[in-house]
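Asker: I am attaching a structure below and will ask some questions about it afterwards.
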Amino acid sequence: MRAEPKRWESPSVRRLRKAGSYTILTVLAVVVLFPIYITVVNSLLRPVDIASRPPTFFPTHPHWSSYADAWNGGHMAKYLLNSFIVTIAITAGQVVTAIFAGYAFAFLEFPFKRTLFVVFLATLMVPFEVTVVTNLDTVNALGWYDTYQGLAVPFLATGFGAFLVRQAFLQVPRDLSDAAALDGYGHWRFMIRVAVPLARPAIAALTVFGFLGAWNQYLWPLLATKDDRLRTVQIGLKQLRATSLDAVNVTFAGAVIAVIPIAIILLLFQKHLVRGLTAGAVKG
Amino acid sequence: MVTNSRAQRRRREASLGYLLLLPAVTVFAVFIFYPFLRNFQLGFYLNPPFPNLPKRWVGFDQYRDILGSDSFVDSLKTTIAFAFLTVPAGIALGMALAVAANRKLKGIGIYRTIFSSTVATSVAVAAVIFSMLFNPIVGLLPWLGVNPTPPIIENPDLALGAVALVTVWQTLGLTFILLSAGLQAIPEDLYEAAALDGAGATTRFWRVTLPMLSPTLFFAVVIGSIHAFQSFGQIDIITNGGPFKRTNVLTYSIYSELTTANHAANPGKAAVLAIALFVITLGLTLIQMRVLERRVHYAR
C-alpha cells in the first residue's frame, strides 16, 4: 500500500480527499461491472422489455423462466457437464504430468537432462493455434473426433507446469531428501509424502491456472467437435446466441450460467491465481 | 562390488527419470512438435479446389504466393491494428484501476474484487454479452445515441474497434491483477523519500511508480500482444471475420481454411499461415527475453 504523504492536513481536507478517492473508485467500479450487471438484469426481463426504451435497469418483476429455458431447452446443463468433464481431466492431467516432470528435473540425474529441459521450455514457444492443422488430422485418425479424449488429451501436459513445479521442488532442502533416503524412502514415497506437500503453493497456482485455461478454451472445442452432445459451455453459448431475438433473455441467462462456476472457483482460490499469473512477471 | 551397485543405482535413477518424463514428452511429441514440423511439409503441397483430388507438390511457390498475397497482407495489417487497439488501451485502463485501488481505505477489498471481476468471464461470454449490447434492437449502445448505419458490427469502419472494446473489457481483470501485484511490490520507503524531497503525487507517479513498474508493464505489453495475435473467439462470435474481411485476423484466417463451410478445406494454406503466426509470436517472445535479460543485468 502506498504511504500517504507525511504532510500536515486539516481533517476537512483529509475527509475531502477520502471522498474523492471513493468517488473515483465507485465510478470505475460501475464502469467495469456494468456489462455484467446489465446481463443479469436482461436475463430477468421479457424480450419485449429488453427492447423497450428507455431500458429497464432495475427489474421489479423478475422472470426467472429464462434460466430454466437456458438450462433445459438451451442445453446449458449438458454443456456445463461437458465443460466440467473436459476441464477436470485437463487440469488433473496437467498437474500430474507437471509433478512427474518437475520431480525428474529437480531430484534425479540422467543423461540428456539439460537437453530435455530445453525441449520442455521450447513447447512454450509454440502457440496452440499453430498446431491445429495437424492436430485435427491426428484426432480424426485416432477416432477421437467428437469425443472427450479428443478435447482433453492434447492439453494433458504443459511446459509451463513442469517448469513451475520444478522451481518449487528446487526449494526443497537437500537435507530432507538425504534424510528420506536414509529412512529407506524410495523416490515415489518421497515425492508423494514430502516434495508435493512442500510445493503446494505452486501446485495450487498451477491447478487454478490450468482450470481457468481449460474452461475458457474456444478454438479447439469448436474445431474438434460437431455433435451438440459434446459441445462445451463456450461453444454452447455461441449457439444459444444464434437463436432469434425472441429469446434474447435466454441468451443472457446462458451467459450468467456460464460465468457462475468459474466465478465461484475464482472467489475461493483468488490468491493462487494471482500467484500463478505473477510467477513470471513480478520478481525482484 | 560397491561401484557396481552404484552404477546400478544410477541406471535405476535414470530410468525412473525417463519414466516420469514420458507422459509429458508423449503429449508434446504428438500434439506440439509433430504438428509444428508437419506445417512446413504441408506448406509444400497445393491442395486441390475440390476434395478427393490429389494434392500437388509446389515447393516454396505456395509460401511465396500466400505470404505475398493481398489477403495475407490485409490480414496481417488487421491483426497489427487489433493489437494497437487493444494493448495500449487495456494497459492504460488496467493501470488506472490499479493505481486507484492502491490505497489504504476501508472497503478497498470490495473494489479490488470488482476490478478483477472480468477474469471470471471468458472470451465467449464477453463476446456474446457485447454482441447483444451492440445490437440495434435490444442493445444499449444504440439507445445511448451510438447508432451508426450500418450497425456497429456490420460497419467496416467500426467492427474492429468494437471487437477490440470487448477484448479490452474481458482482459481488464487480468491486467488489473498483474499491475496491482507490480504496484504492491514497490517498496514504500521510495515514496516516503520522494515525498520528503517535496515530490507531489504527480511527480511521484512519473518518477517512482512508472520506472519501478516498468518490468511489469513490459511483461503486460508482451503478453498482451501475444494474446492479441492469437485472438479468435470474439471475432468468430461477433463478426465472423467480416464485414468485408475487416476483422479477419491471422488466427481467424487459419480457421477459415480449416472449416469446410464455404469451400474445401485447405490445410496447405492454413499451415503456411500458422507458420507466419509462429514467427510473429517467436519474435515477440525473443524481444521479451532480450529486454528482461538486460534488466536483470542492470539490476546487478
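The values are calculated or read from the model by the stated rules, or taken from the named source; none is laboratory data. This one's a predicted model, so the numbers in the text were calculated from it and none came from an experiment. Every residue, glycine as well, gets a Cβ built from its backbone with ideal geometry; the counts of neighbours run over all protein chains shown.
Asker: Could you list all residues from region A:31-45 that are in contact (Cβ under 8 Å) with a residue 12 or more places away in the chain, assigned to a helix (DSSP H, G or I) and crowded, with 21+ Cβ neighbours inside 10 Å?
Answerer: We begin by selecting, within region A:31-45, every residue in contact (Cβ under 8 Å) with a residue 12 or more places away in the chain; these are A:36, A:38-45.
Retained after the next criterion (residues that are assigned to a helix (DSSP H, G or I)): A:36, A:38-43.
Passing the criteria: A:Ile36, A:Thr39, A:Asn42, A:Ser43.
Asker: Continuing with the same structure: Is it the case that some residue within region A:184-191 is more than 11 Å from chain B (Cβ to nearest Cβ), at positive phi and surrounded by fewer than 22 Cβ atoms within 10 Å (Cβ to Cβ)?
Answerer: Taking region A:184-191 as the starting set, the residues that turn out to be more than 11 Å from chain B (Cβ to nearest Cβ) are A:184-185, A:189-190.
From the residues that got through so far, the ones that are at positive phi too are A:184.
Next, only the ones that are surrounded by fewer than 22 Cβ atoms within 10 Å (Cβ to Cβ) stay: A:184.
The answer is yes, given that some residue of region A:184-191 is more than 11 Å from chain B (Cβ to nearest Cβ), at positive phi and surrounded by fewer than 22 Cβ atoms within 10 Å (Cβ to Cβ).
Asker: For B:Ile114, all conditions in the list (1) free of Cβ contacts under 8 Å to residues at least 12 places away in the same chain; (2) more than 9 Å from chain A (Cβ to nearest Cβ) hold save one; what is the number of the exception?
Answerer: Result: B:Ile114 fails condition (2) only.
Asker: What is the residue count in region A:46-59 for residues that are assigned to a helix (DSSP H, G or I) and among the hydroxyl-bearing types (Ser, Thr, Tyr)? Walk me through how you get there before you give the answer.
Answerer: Within region A:46-59, the subset assigned to a helix (DSSP H, G or I) is A:47-51.
If we keep only those that are among the hydroxyl-bearing types (Ser, Thr, Tyr) too, we end up with none.
Count: 0.
Asker: Same structure, new question: Can you find a residue that is closer than 30 Å to B:Met289 by Cβ and either small (Gly, Ala, Ser) or facing chain B (nearest Cβ under 7 Å) (or both) anywhere in region A:166-174?
Answerer: Within region A:166-174, one or more residues are closer than 30 Å to B:Met289 by Cβ and either small (Gly, Ala, Ser) or facing chain B (nearest Cβ under 7 Å) (or both).
Asker: Can you find, within region A:46-64, the residue that is nearest to the other protein chains (Cβ to nearest Cβ) among those that are crowded, with 16+ Cβ neighbours inside 10 Å and among the β-branched types (Val, Ile, Thr)?
Answerer: A:Ile50
Asker: For region B:258-276: of the residues being closer than 18 Å to B:Val58 by Cα and more than 8 Å from chain A (Cβ to nearest Cβ), which is modelled with the lowest pLDDT?
Answerer: Step by step, filter region B:258-276, then rank; the result is B:Ala265.
Asker: Just give me the residues in region A:175-200 being at pLDDT 85 or above and closer than 22 Å to B:Tyr18 by Cα, in sequence order.
Answerer: A:Gly186, A:His187, A:Trp188, A:Arg189, A:Phe190, A:Met191, A:Ile192, A:Arg193, A:Val194, A:Ala195, A:Val196, A:Ala199
Asker: Can you tell me which residue in region A:120-134 is farthest from B:Ala228 (Cα to Cα), limited to those that are more than 7 Å from every other protein chain (Cβ to nearest Cβ) and without any contact (Cβ under 8 Å) to a residue 40 or more places away in the chain?
Answerer: Result: A:Ala122.
Asker: Same structure again: Taking region A:168-201 as the region of interest, how many residues are free of Cβ contacts under 8 Å to residues at least 60 places away in the same chain, in contact with a Leu (Cβ under 9 Å, 6 or more places away or on another chain) and among the aliphatic types (A, V, I, L, M)?
Answerer: 3
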